[in-house]
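Okay, so here's the structure we're looking at.
Here, each number is a calculation from the coordinates, and none is a lab measurement. Computed from a predicted structure; not experimentally measured. Cβ placement follows ideal geometry from the backbone for every residue including glycine, while neighbour counts extend to all protein chains displayed.
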Amino acid sequence: MSVDVVQLYYPTGDDSGSHKQPWTRVRVEAPVDADLTVHARDQRHDKTPTWLPRTTGDAAFEAKYILYAPPALDLQEALPAPARAAFVRADPSATLSGGYVWWMRVKHVRDPELMVAVVEACLAVARATRR
């Protein structure tokens, strides 16, 4: 399972690249269906997944997250109860997209305790998605 923690700059505004905004990203590989996307409800997302929101029947998970998946995907198999529980416990909240568990924030995060918590939360969710 690979983990990467990077501080990077994304262009803002026009495409000239003259304005850049700092970001911190943690990304952990997760063995899940690439069509499965999970977003925290309290975070703004620039891109909405192609699929419609789906429900799992897990009230604690659904209070904190929105899950997007194709209609034919078996959610109980794709994101089983232990994985949903790991998402609920994740503090700070994580995102699942494209086969990775993500955490991103605008600015370069310099707080080592926060970064340890983020990496641990992302790893816990990724480990819980193993089949």
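Points to keep in mind about this one:
- For the chain, the longest principal axis of the C-alpha atoms and the axis of helix 112-128 are separated by about 30°.
- The amide H of V109, built 1.01 Å from its N in the peptide plane, has T24 as neighbours under 5 Å, considering only residues 5 or more places off or on other chains.
- Look at the alpha carbon pairs under 8 Å that are at least 6 residues apart: their mean separation over the length of the chain gives a relative contact order of 32 percent.
- Expressed as a fraction of 2.2 N^0.38 Å, the C-alpha radius of gyration for region 52-109 is 1.19.
- Ranked V38, V109, criterion: other C-beta atoms within 10 Å, fewest first: V109, V38
- Computed over region 3-128, the P(r) curve from all C-alpha pair distances, binned at 5 Å from the origin, holds 2, 11, 20, 23, 19, 12, 8, 4, 1, 0 percent per bin.
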